[in-house]
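J.: Before I ask anything, let me first share the structure, which is written out below as structure tokens.
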Amino acid sequence: MDKLVIRGGRRISGCITASGSKNTSLPIIAATLLTGNGTFSLHNIPDLKDILTFTQLLHHLGAETSFSGNTLTVSSRNVKSLQAPYELVKKMRASIYVLGPLLARFGHARVSLPGGCAFGPRPIDLHLMAMEKLGATITIETGFIDATVKGGKLQGAHIDFPISSVGATGNALMAAVLAEGTTTISNAAMEPEIETLCKFLTAMGATIRGTGSTELQIEGTDSLNAIEFHNVFDRIETGTLLAAAAITGGDITVNGVDPEQLKAVLKKFIHAGCSVETTVSSVTLKSPEKLLSTDVTAKPYPAFPTDMQAQWIALMTQAEGISHIIDKVYHERFNHIPELNRLGAHIDIRKNQAVVHGPQKLSGTTVMSTDLRASASLVLAGLVAEGTSEVLRVYHLDRGYEKIETKLNSLGADITREKYIEF
Ligand code: UD1
């Protein structure tokens, strides 16, 4: 296995370009299953473990893919298998994204149940509810979701989500674009990943009204076409890089971003005392003398994202005063806290909130990654900790951060990747 060895105490400063968004890439790649007409060219796709897993899944289904220089080409002309096996789904919950497209195009899909998750229950009931509303019959047996549509064609319907779900909204959208008639989605997720998916599907020939809002209306069509598409930047990677500069007292410019998507996060950096300047495609953060404690509540977009919550907690270990962090998306997403405390942080968990007492001097030790964003918070803490920190099980980090140590080293960090054997 790989570990990151971080020699802390170096300032993270300079200019860097954001990678393409992982969480936008996944639904877009799934959407290529909607048509056999032509070959997709998807640019700015990050070179990540999750992307590899998803392309393996597409291969398994019969699609042809090639990946080079952040461009993924996909042809779904020869898709024959309609079954997503456990071996691939267990590696990545987002595999559930193939359900909507397969069902819409072929009238049948079998997808392994995704199973548990490191930070609490992550049900898929809303995905299934949406498919049923569109006319699918769903049975669950031997660990598989089996979805079929009588007559082979989904029917437009009204889908009203009781809570905002990025994945379920994406799946419903991908199913609805090939359904017969009109579908309306109420309480749709507004995350930029969904907005980009709407734009992608529209470019393929779908008719979608309300893009970027919580009310979407889709007119089904019989046929869609492959397109060339430039993926958007990764807002979570960008937030993490800004936090890396802020936690080490550095100044950073991240290029290739849309600051509009980062509004809630930038507001919190300003509250914490950082100076933030934006252009249409960049954000520059300058660290203050002293970081100030800043409370955060993670909620669906446009609020502060749950995927930045762990990194924010790491940052607040260096802020003057007490910060309260609540996650209203995943109430139990606090696996990083015991590990941050092992580095010397003073963080309590009271009911569903983390209480961070700062500033605390961190000192390097060996810590364990438990999930993607938890790993990012440990790397941030390692950057500011005195001495050497080792972050084990880096495969979590590799699922979502492209060349993370190369990027941070180019900004002044001292991180090496080493092999180790876990007993
Ligand atoms: C996506 C992101 C993930 C992010 C999350 C919230 C991808 C690949 N992953 O995950 O990084 O943390 O959005 O921004 O894009 N829920 C249900 N039933 C369902 C589906 C979801 O109850 O069928 C609940 C979840 O448990 C959670 C909330 O809805 O409490 C939001 O989850 P959701 O937006 O669906 O997350 P994902 O799409 O899985």
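The values are calculated or read from the model by the stated rules, or taken from the named source; none is laboratory data. As the structure is a prediction and not an experimental result, all values here were calculated from the model. Ideal geometry is used to build each Cβ from the backbone, glycine not excepted, and the neighbour counts take in all protein chains shown. SASA here: full protein model, heavy atoms, side chains in, ligands and nucleic acids out. Shrake-Rupley method; radii C 1.70, N 1.55, O 1.52, S 1.80 Å.
J.: I'd like the full set of residues that are under 21 Å from the mean Cα position of the chain (by Cα), surrounded by fewer than 19 Cβ atoms within 10 Å (Cβ to Cβ) and either among the β-branched types (Val, Ile, Thr) or more than 16 Å from the ligand (Cβ to nearest atom) (or both), limited to the stretch 1-52.
T.: Thr17, His43, Asp47
J.: Moving on. Suppose we keep only residues that are out of contact with any Leu (no Cβ under 9 Å at 6 or more places or on another chain) and among the small types (Gly, Ala, Ser) within the stretch 298-322. Which one would you say is farthest from the ligand (Cβ to nearest atom)?
T.: Taking the stretch 298-322 first, the residues out of contact with any Leu (no Cβ under 9 Å at 6 or more places or on another chain) are 298-306, 308-309, 312, 322.
Next, from what is left, pick out any that are among the small types (Gly, Ala, Ser): 298, 303.
Working: Ala298: 8, Ala303: 10 Å.
Taking the candidates together, the pick is Ala303.
J.: In the stretch 240-308, which strands (runs of 3 or more DSSP E) lie fully inside it and hold 3 or more residues that are more than 24 Å from Lys351 (Cβ to Cβ)? Spell out how you get there, then give the answer.
T.: Details: elements: 251-255, 275-279, 282-286, 296-298.
Strands (runs of 3 or more DSSP E) meeting the threshold: 251-255, 275-279, 282-286.
J.: So is Glu219 surrounded by fewer than 24 Cβ atoms within 10 Å (Cβ to Cβ) and over 20 Å from the mean Cα position of the chain (by Cα) or not?
T.: Working: surrounded by fewer than 24 Cβ atoms within 10 Å (Cβ to Cβ): yes; over 20 Å from the mean Cα position of the chain (by Cα): yes.
So Glu219 passes the test.
Here is a yes/no grid of residues against (1) more than 25 Å from Leu262 (Cα to Cα); (2) within 11 Å of the ligand (Cβ to nearest atom); (3) open to solvent by 10 Å² or more (accessible area, probe 1.4 Å):
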site	(1), (2), (3)
Gly151	yes, no, yes
Leu154	yes, no, no
Ser164	no, yes, yes
Asn171	no, yes, no
Glu180	yes, no, yes
Thr184	yes, no, yes
Ile194	no, yes, no
Met204	yes, no, no
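J.: In this structure, is Thr137 more than 16 Å from the ligand (Cβ to nearest atom), of a type outside the set (A, V, I, L, M) and either assigned by TED's automatic domain parsing to the domain that holds Pro300 or not in a loop (DSSP other than H, G, I, E, B) (or both)? Can you show your working first?
T.: Working: more than 16 Å from the ligand (Cβ to nearest atom): yes; of a type outside the set (A, V, I, L, M): yes; either assigned by TED's automatic domain parsing to the domain that holds Pro300 or not in a loop (DSSP other than H, G, I, E, B) (or both): yes.
So Thr137 passes the test.
J.: What is the one condition in (1) in contact (Cβ under 8 Å) with a residue 24 or more places away in the chain; (2) open to solvent by 30 Å² or more (accessible area, probe 1.4 Å) that Ile270 does not satisfy?
T.: The number of the failed condition is (1).
J.: Moving on. Which count do you get for residues in the stretch 323-334 that are over 22 Å from Lys290 (Cβ atoms) and away from the ligand (no atom under 12 Å from the Cβ)? Spell out the reasoning first.
T.: Within the stretch 323-334, the first condition is being over 22 Å from Lys290 (Cβ atoms), and the residues that meet it are 326-334.
Checking which are away from the ligand (no atom under 12 Å from the Cβ) leaves us with 326, 334.
Residues flagged as over 22 Å from Lys290 (Cβ atoms) and away from the ligand (no atom under 12 Å from the Cβ) within the stretch 323-334 amount to 2.
J.: Can you find a residue that is buried (at least 22 other Cβ atoms within 10 Å of the Cβ), within 21 Å of Gly8 (Cβ to Cβ) and not assigned by TED's automatic domain parsing to the domain that holds Asn70 anywhere in the stretch 277-288?
T.: The first filter runs over the stretch 277-288 and keeps only residues buried (at least 22 other Cβ atoms within 10 Å of the Cβ), leaving 283, 285, 287.
Narrowing further to those that are within 21 Å of Gly8 (Cβ to Cβ): 285, 287.
Pick out the ones that are also not assigned by TED's automatic domain parsing to the domain that holds Asn70 and you get 285, 287.
The answer is yes, given that some residue of the stretch 277-288 is buried (at least 22 other Cβ atoms within 10 Å of the Cβ), within 21 Å of Gly8 (Cβ to Cβ) and not assigned by TED's automatic domain parsing to the domain that holds Asn70.
J.: Just one of (1) open to solvent by 30 Å² or more (accessible area, probe 1.4 Å); (2) within 16 Å of the ligand (Cβ to nearest atom) trips up Asp258, so point out which.
T.: Condition not satisfied by Asp258: (2).
J.: With respect to Lys80, determine if the residue is farther than 17 Å from Asp146 by Cβ, surrounded by fewer than 18 Cβ atoms within 10 Å (Cβ to Cβ) and within 16 Å of the ligand (Cβ to nearest atom).
T.: No; evaluated as a whole, the condition is false for this residue.
J.: A further question follows. Across the stretch 222-234, what is the total count of residues that are hydrophobic (A, V, I, L, M, F, W, C), away from the ligand (no atom under 16 Å from the Cβ) and open to solvent by 10 Å² or more (accessible area, probe 1.4 Å)?
T.: At the first step, the residues of the stretch 222-234 found to be hydrophobic (A, V, I, L, M, F, W, C) are 224, 226-227, 229, 232-233.
With away from the ligand (no atom under 16 Å from the Cβ) added as a condition, the list becomes 224, 226-227, 229.
This time we only want the ones that are open to solvent by 10 Å² or more (accessible area, probe 1.4 Å), so: 226-227, 229.
Here the count works out to 3.
J.: While we're looking at this one, here's another question. With the structure loaded, tell me whether Gly69 is open to solvent by 20 Å² or more (accessible area, probe 1.4 Å), touching a residue at least 12 places away in the same chain (Cβ under 8 Å), on the phi > 0 side of the Ramachandran plot and in the same structural domain as Ala168 (by TED's automatic domain parsing) or whether it fails that test. Write out each step before concluding.
T.: Details: open to solvent by 20 Å² or more (accessible area, probe 1.4 Å): yes; touching a residue at least 12 places away in the same chain (Cβ under 8 Å): no; on the phi > 0 side of the Ramachandran plot: yes; in the same structural domain as Ala168 (by TED's automatic domain parsing): yes.
When the stated conditions are applied, Gly69 does not pass them.
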